[in-house]
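One structure is given below, encoded as structure tokens.
None of the figures in this text is laboratory data; all of them are computed from the coordinates on show. Everything quoted here is computed from the prediction, not taken from an experiment.
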Amino acid sequence: MQDADLGEVYVEFVRNGTYVKCSAIHVATGVEVSAMGHAAEPRAVERVAIAKLKRALATRR
């Protein structure tokens, strides 16, 4: 995945029953965050993970 603000980001989904875990890893720094949510809405969980990644990177700068 390529985000204009972040650069390159790896996104991984792991489904466990009715839940999905989305991990987002910033390639340049190696910072990793994850979010969990309902498996019916994986893109919503991805948006949460990307937002968490942006906040995590902002606190590092």
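Remarks
- Alpha-carbon spread of the chain, three principal axes, descending order, Å: 36, 20, 16
- With Cα atoms, 0 to 90° folded angle of helix 42-60 axis to the chain main axis: 30 degrees
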